[in-house]
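K.L.:
This structure is in structure tokens; I'll ask about it shortly.
Derivation of every value follows stated rules applied to the coordinates shown; laboratory data play no part. As the structure is a computational prediction, the values presented were derived from the model and not from experiment. Here the Cβ is made from the backbone with ideal geometry for all residues, glycine too, and neighbour counts use every protein chain on show.
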């Protein structure tokens, strides 16, 4: 996986995938996209900035295009790998003449390999779901004793449908003087997937907790943009 280059125009860094690897990003929307992707149970791997497509542009010059990433799903899901581009809606509108050729190349490459090509923008990515995920990630790296966390998870899994408030009360019976730490313990378990909550709503005392798989898998964003349906002025829409 390529290292993140220094970029003076955009924020850069890496997102921890939770699978022992870091995913490089350049730009806020890309960071937020990967943040969401790392919390999807159906995803097997993410290859960031590894697919390089070479083509000849309208001026006859040899050039190349690197889509954001290739997302592969678990085999039991039955979904095709997804070649992804992430752009802001403003970039799509102002750079459409240049981007259209790139997206056509990416669409063709994806079809030849049995993949699909999708475009995501900040409008689809930055949702209340992302806000919830961001809050949970603050507790992801908190280090608690593994046996204690396993004990909590087993206790809560045996009582599916318990509210966050009641779960916190259960923990306070074991650690009565550590309310803030107990909150972090629960957030850490949710973030790690050991217990589940409905992340499409803000987590509060009435949030219902359950074992992994308790909540059905749902689309993580409002919608994705098909390559031929980018919301642009009619005169510039399409390929």
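K.L.:
Would you mind getting me the FRET efficiency between residue 72 and residue 159? Use the beta-carbon distance for r and R0 = 45 Å, nearest 0.05.
P.N.:
Taking R0 as 45 Å, the efficiency between residue 72 and residue 159 is 0.80.
K.L.:
Also, quick follow-up: On a full-extension model of 0.36 nm per residue, what is the gain between residue 181 and residue 141, subtracting their alpha-carbon distance, rounded to one decimal in nm? Intermediate values should be presented prior to the final figure.
P.N.:
Working: separation 40, 0.36 × 40 = 14.40 nm, distance 1.32 nm.
Extra length from residue 181 to residue 141 when fully extended: 13.1 nm.
K.L.:
Just the Cα atoms of region 24-104: what Rg and Dmax do they give in Å?
P.N.:
In Å, with Rg to one decimal and Dmax whole: 14.5, 45.
K.L.:
So how many Å³ per residue does the convex hull of the Cα atoms of region 92-147 work out to? Please report the intermediate quantities before stating the final value.
P.N.:
Working: hull volume 8.6 nm³, N = 56.
With only Cα atoms used, region 92-147 gives 154 Å³ per residue.
K.L.:
Just the ratio, please: alpha-carbon radius of gyration of region 129-210 over 2.2 N^0.38 Å, N its number of residues. Please list the in-between numbers first.
P.N.:
Working: Rg = 11.6 Å, N = 82, 2.2 N^0.38 = 11.7 Å.
In units of the 2.2 N^0.38 Å rule of thumb, it is 0.99.
K.L.:
So, one more: Extent of region 1-158 along each principal axis, from alpha carbon coordinates, in Å, largest to smallest?
P.N.:
Projected onto its principal axes, the Cα set of region 1-158 covers 64, 38, 28 Å.
K.L.:
Over what distance in Å are the Cα centres of region 155-171 and region 88-122 separated?
P.N.:
Answer, in whole Å: 45.
K.L.:
With the crude spin-label approximation of a point 7 Å out along Cα→Cβ, what separation in nm comes out for residue 42 versus residue 172?
P.N.:
With each label placed 7 Å out from Cα toward Cβ, I get 3.9 nm.
K.L.:
According to the Kirkwood expression over distinct Cα-Cα pairs, how big is the hydrodynamic radius of region 155-194, in Å?
P.N.:
Details: mean 1/r = 0.0966 Å⁻¹.
It is 10.4 Å.
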